[in-house]
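**Q** I'd like to ask you about the structure that follows.
The values are calculated or read from the model by the stated rules, or taken from the named source; none is laboratory data. What you see is a predicted model, and the numbers here were worked out from it, not measured in a lab. Here the Cβ positions follow ideal geometry from the backbone for every residue, glycine too, while neighbour counts run over all protein chains shown.
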Amino acid sequence: MSYMADRVAGFGTTIFSEINALARQHGAINLGQGAPDFDGAPEVLNAAVVALNSSYNQYAPGAGMPHVKQAVADHAARFYGQSLDPLTQVLITAGATEAMFAAILGLTDPGDEIIVFQPVYDSYVPNAHMAGVVPHYVTLRAPEWAIDPDELAAAFTPRTRAIIVNTPHNPTGKVFSRAELTMIADLCQQHNVIAIVDEVYEHILYDDAQHLRLATLPGMAERTLTISSLGKTFSVTGWKIGWVMGSAELVASVNRAHQFITFAVASPLQAAAATALALPDQYFDTLRATFQAKRDFMLSALQAAGFQTLTPQGGYFIMAGWHGLPPASVTDDVAFTRWLIETVGVACIPPSFFYRESDRALGCDWVRFAVCKQDATLNAAVERLGRMGRT
């Protein structure tokens, strides 16, 4: 007899856990999971220490500390001109992952459909399945990761309840354009569909890319739930502090689920989030310049090592084509990733896991490298990659 519930029996272990374990086993430099190997800003870390020593150690209000919710609303006004009532239109969550699960649970019913773009971040579809919701896939096509307007329009059916948009996009680094977001907005309004937008990489942008918040487009304020978090912007991914923003009705719906998932989020880390979100513009400008340098360095290094690279517009990652590299016996991204870890000593992520089973072949030509590492880590990885042809 199996004691495992059917709703989770088919999931297996996440690809991130598998690659991290394999990297540790072989002593590989890990450019797989999007976790920095450096700490966040000292003033943010210190704010958490101060909070720990200032009686912020009991349950926070379930929806979040009032001054932290105010900081999220102030950030939205500062960067996007968005006006939010922190009391009713902001909810603090245990990272963006919990926010997404609570959003799906709070805004959909079993049998509803949710549109997702593939390659799709790996938690969205399992979230949908656990909620009894059917994912409807729309494919982003390399090399531009473009949306086929006809395919997107056809994805909307009478059962469609929501569409998930991730911009800047993981794993491709695509930043959805105004034209694309307008197309999504028009379809949402036409079909009375909610947009759930994951914006955790909102401040990590390259070249002339600009992040546009879908909720600020005409007609979308009342039907868009925006998700973001502290982890990526402030290099504290282990803190798991996230938030959702939207109309009072949408946020209340998400909170109905959130209150029975985590109830409340770590009090001292919430308090530190208020400090982080209020940092001066210089912090955000430096963040962008720092990651731009890392991305540019890794693009050049991967090209020199023989990869065919696609230039990301934002986020932590570079998608790189591996065909033509040794060994000749490798036929897909999973086998190449394993070979790279075991033989070269560098870990990456095989992106075929970001596609539904029937479309896995669409991801097999690529691997995903993370750039959110110290310069010393990137240099060491590049030195190993430079020896690939001699292994």
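**Q** Residues that are small (Gly, Ala, Ser) and in contact with a Pro (Cβ under 9 Å, 6 or more places away or on another chain): does the stretch 295-303 have at least one? Step through it out loud before you land on a result.
**A** Of all residues in the stretch 295-303, those small (Gly, Ala, Ser) come to 300-301.
Still in the running and in contact with a Pro (Cβ under 9 Å, 6 or more places away or on another chain): none.
No: zero hits.
**Q** Sort through ALA301, ALA293 and tell me the only one that's over 30 Å from VAL49 (Cβ atoms), outside the structural domain of LEU84 (by TED's automatic domain parsing) and out of contact with any Phe, Trp or Tyr (no Cβ under 6 Å at 6 or more places or on another chain).
**A** ALA301
**Q** Please state which one of THR286, THR275 is in a helix (DSSP H, G or I), outside the structural domain of ILE104 (by TED's automatic domain parsing), within 22 Å of ARG78 (Cα to Cα) and of a type in the set (S, T, N, Q).
**A** Matching residue, one of THR286, THR275: THR286.
Residue-wise test of (1) assigned by TED's automatic domain parsing to the domain that holds ALA320; (2) touching a residue at least 60 places away in the same chain (Cβ under 8 Å); (3) out of contact with any strand residue (DSSP E or B) (no Cβ under 6 Å at 6 or more places or on another chain).
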residue	(1), (2), (3)
ARG24	yes, no, yes
GLY27	yes, yes, yes
ASN46	no, no, yes
GLN58	no, yes, yes
GLN70	no, yes, yes
GLY81	no, yes, yes
ALA96	no, yes, no
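**Q** Another one. Given the condition surrounded by 16 or more Cβ atoms within 10 Å (Cβ to Cβ) and not in a helix (DSSP H, G or I), answer yes or no: does some residue in the stretch 355-363 qualify?
**A** Yes, that holds for at least one residue.
**Q** Can you spot a residue in the stretch 292-301 that is under 30 Å from PRO350 (Cβ atoms), basic (Lys, Arg) and either without any contact (Cβ under 8 Å) to a residue 40 or more places away in the chain or in a helix (DSSP H, G or I) (or both)? Show your work before the answer.
**A** Here is the first cut: in the stretch 292-301, the residues under 30 Å from PRO350 (Cβ atoms) are 292-301.
Pick out the ones that are also basic (Lys, Arg) and you get 294-295.
Okay, now just the ones that are also either without any contact (Cβ under 8 Å) to a residue 40 or more places away in the chain or in a helix (DSSP H, G or I) (or both), so 294-295.
Yes: one or more hits.
**Q** Taking the options ASP375, ASP332, name whichever one is surrounded by 14 or more Cβ atoms within 10 Å (Cβ to Cβ), among the charged types (D, E, K, R) and under 26 Å from the mean Cα position of the chain (by Cα).
**A** Answer to the check: ASP332.
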